[in-house]
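Asks: Structure in structure tokens, see below.
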Amino acid sequence: MWQRRRAEKGDKLLQYAERVWGIREGDRNQRIDMAIERTRDFFESHGIKPRLSDYGITADRLEEVIAGLAAKGLTALSERQDLTLDGCRLILQDAL
């Protein structure tokens with residue numbers, strides 16, 4: 001999600017990079033990339049796999065997930081309500 005929403009979440013990701021991981025060097029994109037990588041590594045080090053496919057979720061199931069969100073009346077997500085179902089679809093595809 002962070003890769004896909006880095007423009008919208010960039011400032012918060014930089015804050016996270018510095019406060020959680022102590023990342024202060026590099027340009028904006030390098031620091032964001034490092035924070036994402038360290039977060040992924042952290043979860044993997046605890047046995048939590050980062051890909052949906054690691055849990056048996058395949059591309060053919062994504063539309064079912066999107067349909068479930070739509071059925072609940074969710075048309076925009078996130079704290080700013082700026083993440084559409086199409087955006088969710090792209091994030092889920094990236095996570096396969």
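Asks: Scan the stretch 13-56 for trypsin sites (Lys or Arg not before Pro) in coil per DSSP, keeping those whose Cβ has at most 16 other Cβ atoms within 10 Å, and list them by number. Let's see the in-between values first.
Replies: Numbers: sites: R19, R24, R28, R31, R38, R40, R51; in loops: R24, R51.
Of the trypsin sites (Lys or Arg not before Pro), the ones in loops of the stretch 13-56 whose Cβ has at most 16 other Cβ atoms within 10 Å are R24, R51.
Asks: Longest exposed-loop-site-free stretch of the chain, with GluC sites (Glu not before Pro), DSSP loop and at most 15 other Cβ within 10 Å? Can you show the working numbers first?
Replies: Working: sites that count: E25, E79.
Counting only loop sites that pass the neighbour cut-off, the longest clear stretch is 26-78.
Asks: Report, largest value first, the span of the C-alpha coordinates of the chain along each principal axis, in whole Å.
Replies: So the extents along the principal axes, rounded to whole Å, are 43, 31, 16.
Asks: Now, a different point. Summarise the long-distance tail of P(r) for the stretch 51-96 by giving the % of C-alpha pairs beyond 17 Å. Intermediate values should be presented prior to the final figure.
Replies: Details: 342 of 1035 pairs.
The share of Cα pairs beyond 17 Å in the stretch 51-96 comes to 33 percent.
Asks: Whole Å is fine, so just give me how far the alpha carbon centre of the stretch 55-70 lies from that of the stretch 10-35.
Replies: That distance is 31 Å.
Asks: Distance from a point 7 Å along Cα→Cβ of R40 to each backbone N in the stretch 81-96: keep the residues under 20 Å and list them by number.
Replies: Under cut-off, by backbone N: 88-96.
Asks: At 222 nm, what helix-only mean residue ellipticity would the chain give, in deg cm²/dmol to the nearest 500, using -39500 (n - 2.57) for each DSSP H run of four or more? Before the final figure, lay out each step's value.
Replies: Numbers: 4 runs with 54 residues, N = 96.
Value at 222 nm, helices only, nearest 500: -18000 deg cm²/dmol.
Asks: Can you tell me, using C-alpha contacts under 8 Å and at least 6 residues apart, the relative contact order of the chain as a whole percent? Write out the running numbers ahead of the final one.
Replies: On the way: 67 pairs, mean separation 24.4, N = 96.
25 percent.
Only the coordinates and a few stated rules stand behind these numbers; no lab work does. As the structure is a prediction and not an experimental result, all values here were calculated from the model. Neighbour counts run over all protein chains shown; Cβ positions are idealised from the backbone, glycine included.
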